[in-house]
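A.B. asks: Quick one: structure below, then a few questions.
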């Protein structure tokens, strides 16, 4: 199913918001963030939002359950999950990232119910990119500016407006819902619109590729580059928190009197206390081990477990890292090691 | 606002003065609203401004920090530090959006039972007009 | 049901293991369901509500209808809260998690158990498994040490039960002893080398503090044990227990699902981040 | 600046040649254009990697904490310091985290640092080079040269700076640039916020704090946040719950700001590193403004022997009388 929108996506968003909880890139105090839609057009020239849409599926903190009583007469109630959502204007890298997280959290052994339910009830409407940002490198890690991975509907920008294509049945249903806001895409060539996006220039991705850099991972692991990169690391959690594929979480309890809540919340392997155990033993005690862990996880451990990079090339970490610890910089230096 | 809502005030009271003042108000059978819950502290300078935020988080509609009059501190200078600290903190808490009536710092001596009762009455009335506090309130 | 939400269980019995009671064994029975079936070496996540959760290896050996047993040393917040709990108190349990000792593969082999301190806890499950199906295994040897005689865990089994098992020998040692001890005084790895076991057709399983494990492995290698015949269990901080929270990786292995049981051969191909 | 870079390398080389400097903290070219990154030069040969240009502005002072811990007892640490880092270093000195004898400070009279994103907006690409002149900045792109006003292209924090030259240094690169008063409008933002109603102000902060990711970058770069164990990570008592509810975000931001009240040097590093643009300086500057007003500190952000909250005067005002913003 394909449809077209001339000029603006606003009528489509308005139609979508009528019967859906619509989330999209919005401008808030000059920042472009992914949040609940407030009736505005998509921000001009946004590349990716500051925060990634992963928080729709894996909120930064959520309560898993409530309990009454502590040591006695314990009563546990699981927390219900909020209703379905439409995530609009997601970039292809971020949509793919949702799929990537689902590899882990949706794996057969212990599927994460809460993540799974949200994933099933979230419709992802992806806007293909017609320009790469300063930090973009999706193509270097197997993605594409026109990729429909993880998306229910694809929107391709064209000279006249936009062409829409339903990728999944859920996408089709949603498109039908707002047919009135769209035109039939007569003569619109979705393939060529997609190909145009596919072909955009992406200077960073042309130069550097992670392929093969971790083949001899023992050597990579021992490389002195980690200490150099980590020397300037501030041990903050920016990289992991803005990353659309980082999914690490912690569980923690909060107690008031005799009742409480067990929360699940994001955590970052860059924090000093991430792996700190009772008795003060820390297997990754300094920035060096922690920085190495982050890169090794994305470039090697994830690959060996799930068969692909744990990175979609959105460039947020590179953009937001206060001290320029860049995924591609690490890869470039690793290439020299290999 | 529900009809039977009554303000909840958390009071941090120095054991040497304000707490004794509250005691005096009680033993003298002075009438004041039962809206305040007193926390006895060794000195007003024991109160970290985070306590005030915590009280608002956990459901206080108002917070009172009460210490000895300047010059009367049992530990000589504790309340001078309180004065500096809360001069700043009071403004800062208001800057974050809490109405000024909801947080007060006052000096109450052990002999000022009446003053203590009056303060609680005044604060209760001010807060009653504002209604329940929702700001900074946690929803667990 | 979300895999992260535990089941409510009741503490049925608490047994102090050591003289200072810094190790206690808790008998735990789920309130709503049967005890899940589990293998030696597996662990469960235990919750004290309002405090948190931590992974604890299961010390008992599965038997339908029997309660779960956990021997826990007080080291952190959750274990501290568990030590404050009383009989009848409610805790949370979820599991069983992780891999287990490959007992089926070990049939007919001789087994050498080497434990230190509370490290005997996961071994106890294995030892009792082997004792129960005694005919399936060759000779059983246990070398166990603690800081002092007062710190020896599972005394009844150590002194009364296990020595009576045919073809099983128990060798005890302590780091330091008073007048009440006429046994061996030596560190576990030294004692082990002194006893000198043959590596022929033998699997060595060692659990204990990291430093003990390190020297024990060195001793075993000197005794001729091959890397894949040395088995140990790892301890690491965990949150979910099910391979989702990302915390407990060592290289591309997750201790929570790929472990906690590893052979030394597997460990030596992993980064030294544990 | 090119001249200064040459001088800097010379200074650093001499320091290594003397043998007393163990590490020199400065900048090197980053992976991306116009984004130099911190570097820790540990030998004379690597001095040539150091750069100093219109883009090298990442705050460095906080690294001294870690380097001082690692350094040999009698060795000293070299550091390049613009005015803002100079104040950060002073902060660490007054807090006795490091000692002056340990430091070899190469000061820079700083004309301001170019914000590469602002520059990209103006040029259509990240510029290759820039030169900050008296009132304007010349941006060099791959194809042209563009002259723009300082206001258009310097980092926000530089536009409000009145301490361009460090107050302490062992060597100074370039001319000393006289102190302000540039910031006559320094508290404009705070005053605007004070002027709105309590409810509006609350809503404003809810919105700002809701974006906060709790990455703690603001704390980690702050030269006034030097506690070995941060109260925000304390588990008993747990001051800050790990939930990111609006309520806890207030606790976090209140605590972070208030714990540096009277000690903030207004270097702006916290706001600069924030990945989601929380206007942290609006919090810090409110406290600075009030410290100035209440305790008659003419330049409350300048570190000194005494801390406004560590001392008192018998005739201090009761600052809680009156509305926010009034003295």
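The values are calculated or read from the model by the stated rules, or taken from the named source; none is laboratory data. Quick caveat: nothing in here was measured; it's all calculated off a predicted structure. No Cβ is skipped: glycine too gets one built from the backbone with ideal geometry, and neighbour counts run over all protein chains shown.
A.B. asks: Checking residue A:308 against (1) part of a loop (DSSP other than H, G, I, E, B); (2) at pLDDT below 95; (3) at the interface with another protein chain (Cβ under 10 Å from one of its Cβ atoms): exactly one of these is not met. Which one?
C.D. replies: (3)
A.B. asks: Of all residues being closer than 21 Å to residue A:181 by Cα and touching a strand residue (DSSP E or B) at 6+ places or on another chain (Cβ under 7 Å) in segment A:27-51, which is surrounded by the most Cβ atoms within 10 Å (Cβ to Cβ)? Just the residue, please.
C.D. replies: The qualifying residue surrounded by the most Cβ atoms within 10 Å (Cβ to Cβ) is A:37.
A.B. asks: Give the residues of segment C:9-37 that are more than 12 Å from residue C:88 (Cα to Cα) and more than 22 Å from the chain's Cα centre (by Cα), sorted by residue number.
C.D. replies: Result: C:32, C:33, C:34.
A.B. asks: May I pose another question? Can you pull out every residue in segment D:208-218 that is touching a residue at least 24 places away in the same chain (Cβ under 8 Å) and within 11 Å of chain A (Cβ to nearest Cβ)?
C.D. replies: D:208, D:210, D:211, D:212, D:213, D:214, D:215, D:217, D:218, listed by residue number.
Here is a yes/no grid of residues against (1) more than 17 Å from residue C:134 (Cβ to Cβ); (2) surrounded by 15 or more Cβ atoms within 10 Å (Cβ to Cβ):
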residue	(1), (2)
C:154	yes, yes
C:159	yes, no
C:162	no, yes
C:171	yes, yes
C:176	yes, no
C:180	yes, no
C:183	yes, no
C:194	yes, no
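A.B. asks: Being in a helix (DSSP H, G or I) and touching a helix residue (DSSP H, G or I) at 6+ places or on another chain (Cβ under 7 Å) narrows it down to one residue among A:230, A:193; which is it?
C.D. replies: Details: A:193 fails: touching a helix residue (DSSP H, G or I) at 6+ places or on another chain (Cβ under 7 Å).
Going through A:230, A:193 in turn, the sole match is A:230.
A.B. asks: Turning to a different aspect of this structure: Going through segment A:263-292 one residue at a time, which ones are over 24 Å from residue C:50 (Cα atoms), outside any loop (DSSP other than H, G, I, E, B) and more than 7 Å from chain C (Cβ to nearest Cβ)?
C.D. replies: If the condition is that a residue be over 24 Å from residue C:50 (Cα atoms), outside any loop (DSSP other than H, G, I, E, B) and more than 7 Å from chain C (Cβ to nearest Cβ), then A:287, A:288, A:290, A:291, A:292 are the ones that fit.
A.B. asks: I've got another one for you. Looking at segment B:117-128, which of the residues that are within 14 Å of another protein chain (Cβ to nearest Cβ) and over 22 Å from residue B:42 (Cβ atoms) is surrounded by the most Cβ atoms within 10 Å (Cβ to Cβ)?
C.D. replies: Among those that are within 14 Å of another protein chain (Cβ to nearest Cβ) and over 22 Å from residue B:42 (Cβ atoms), it is B:123.
A.B. asks: Something else now. Among what's in segment D:219-239 and is at the interface with chain B (Cβ under 10 Å from one of its Cβ atoms) and without any contact (Cβ under 8 Å) to a residue 24 or more places away in the chain, pick the residue that is nearest to residue D:64 (Cα to Cα).
C.D. replies: Ranking the qualifying residues of segment D:219-239, first place goes to D:239.
A.B. asks: Could you say whether any residue in segment B:66-86 is at pLDDT 95 or above, in contact with a helix residue (DSSP H, G or I) (Cβ under 8 Å, 6 or more places away or on another chain), surrounded by 24 or more Cβ atoms within 10 Å (Cβ to Cβ) and part of a loop (DSSP other than H, G, I, E, B)?
C.D. replies: yes
A.B. asks: OK, next. Could you run through segment B:99-116 and say how many residues are facing chain D (nearest Cβ under 7 Å) and either assigned to a loop (DSSP other than H, G, I, E, B) or on the phi > 0 side of the Ramachandran plot (or both)?
C.D. replies: Summing the residues that are facing chain D (nearest Cβ under 7 Å) and either assigned to a loop (DSSP other than H, G, I, E, B) or on the phi > 0 side of the Ramachandran plot (or both) in segment B:99-116 gives 1.
A.B. asks: For the condition buried (at least 18 other Cβ atoms within 10 Å of the Cβ), within 14 Å of another protein chain (Cβ to nearest Cβ), within 13 Å of the chain's Cα centre (by Cα) and in a helix (DSSP H, G or I), what is the one hit in C:118, C:127?
C.D. replies: C:118
A.B. asks: If you don't mind, there's one more thing I want to ask. Quick check: anything in segment D:279-293 part of a loop (DSSP other than H, G, I, E, B) and more than 12 Å from chain B (Cβ to nearest Cβ)?
C.D. replies: Looking through segment D:279-293, at least one residue is part of a loop (DSSP other than H, G, I, E, B) and more than 12 Å from chain B (Cβ to nearest Cβ).
A.B. asks: Then there's this: Tally time: how many residues in segment D:138-161 are part of a strand (DSSP E or B) and more than 15 Å from residue D:1 (Cβ to Cβ)?
C.D. replies: 5
A.B. asks: Between a residue in segment C:70-90 that is facing chain A (nearest Cβ under 7 Å) and without any contact (Cβ under 8 Å) to a residue 24 or more places away in the chain and any residue that is assigned to a loop (DSSP other than H, G, I, E, B) and surrounded by 15 or more Cβ atoms within 10 Å (Cβ to Cβ), which pairs come within a Cβ distance under 8 Å, given they are 6 or more apart or on different chains?
C.D. replies: Partner pairs satisfying both residue conditions: C:75/A:278; C:76/A:277; C:76/A:278.
A.B. asks: Of the numbered conditions (1) over 18 Å from the mean Cα position of the chain (by Cα); (2) outside any strand (DSSP E or B); (3) surrounded by fewer than 19 Cβ atoms within 10 Å (Cβ to Cβ); (4) at negative phi, residue C:78 satisfies every one except a single condition; which is it?
C.D. replies: (3)
A.B. asks: Which ones in segment A:199-220 are buried (at least 17 other Cβ atoms within 10 Å of the Cβ) and assigned to a helix (DSSP H, G or I)?
C.D. replies: The answer is A:204, A:205, A:217, A:220.
A.B. asks: Got a number for residues in segment D:294-327 being facing another protein chain (nearest Cβ under 9 Å) and on the phi > 0 side of the Ramachandran plot?
C.D. replies: 2
A.B. asks: Among the candidates C:102, C:67, single out the residue that is over 23 Å from residue C:141 (Cβ atoms) and either surrounded by fewer than 23 Cβ atoms within 10 Å (Cβ to Cβ) or within 14 Å of chain A (Cβ to nearest Cβ) (or both).
C.D. replies: Exactly one of C:102, C:67 is over 23 Å from residue C:141 (Cβ atoms) and either surrounded by fewer than 23 Cβ atoms within 10 Å (Cβ to Cβ) or within 14 Å of chain A (Cβ to nearest Cβ) (or both), namely C:67.
A.B. asks: Is it fair to say residue C:199 is assigned to a loop (DSSP other than H, G, I, E, B) and under 26 Å from residue C:260 (Cα atoms)?
C.D. replies: On the way: assigned to a loop (DSSP other than H, G, I, E, B): yes; under 26 Å from residue C:260 (Cα atoms): yes.
So residue C:199 passes the test.
A.B. asks: Can you confirm whether residue A:116 is on the phi > 0 side of the Ramachandran plot and either surrounded by fewer than 19 Cβ atoms within 10 Å (Cβ to Cβ) or within 11 Å of chain C (Cβ to nearest Cβ) (or both)?
C.D. replies: Spelling it out, it is not the case that residue A:116 is on the phi > 0 side of the Ramachandran plot and either surrounded by fewer than 19 Cβ atoms within 10 Å (Cβ to Cβ) or within 11 Å of chain C (Cβ to nearest Cβ) (or both).
A.B. asks: Out of all the residues in segment D:38-55, which are surrounded by 16 or more Cβ atoms within 10 Å (Cβ to Cβ) and either touching a strand residue (DSSP E or B) at 6+ places or on another chain (Cβ under 6 Å) or farther than 29 Å from residue A:319 by Cβ (or both)?
C.D. replies: If the condition is that a residue be surrounded by 16 or more Cβ atoms within 10 Å (Cβ to Cβ) and either touching a strand residue (DSSP E or B) at 6+ places or on another chain (Cβ under 6 Å) or farther than 29 Å from residue A:319 by Cβ (or both), then D:39, D:40, D:41, D:44, D:47, D:50, D:51, D:54, D:55 are the ones that fit.
A.B. asks: A further question follows. Can you tell me which residue within segment D:240-271, out of those that are assigned to a loop (DSSP other than H, G, I, E, B) and within 11 Å of chain B (Cβ to nearest Cβ), is surrounded by the fewest Cβ atoms within 10 Å (Cβ to Cβ)?
C.D. replies: D:240
A.B. asks: Continuing with this model, one more query. Residue under question is residue C:112, and the condition is that it be away from chain A (no Cβ under 14 Å) and either at pLDDT 95 or above or assigned to a loop (DSSP other than H, G, I, E, B) (or both); does it hold?
C.D. replies: Yes.
A.B. asks: How many of the residues in segment A:156-190 are under 21 Å from residue A:88 (Cβ atoms) and assigned to a loop (DSSP other than H, G, I, E, B)?
C.D. replies: 8
A.B. asks: Pull up segment B:1-31, narrow it to residues that are assigned to a helix (DSSP H, G or I) and touching a strand residue (DSSP E or B) at 6+ places or on another chain (Cβ under 8 Å), then point me to the one that is surrounded by the fewest Cβ atoms within 10 Å (Cβ to Cβ).
C.D. replies: Residues of segment B:1-31 that are assigned to a helix (DSSP H, G or I), as a first pass: B:18-27.
From the residues that got through so far, the ones that are touching a strand residue (DSSP E or B) at 6+ places or on another chain (Cβ under 8 Å) too are B:18-19, B:21-22.
Details: B:18: 30, B:19: 21, B:21: 26, B:22: 26.
The selected residue is B:19.
A.B. asks: Just one of (1) buried (at least 20 other Cβ atoms within 10 Å of the Cβ); (2) closer than 16 Å to residue A:48 by Cβ trips up residue A:193, so point out which.
C.D. replies: Every listed condition holds for residue A:193 apart from (2).
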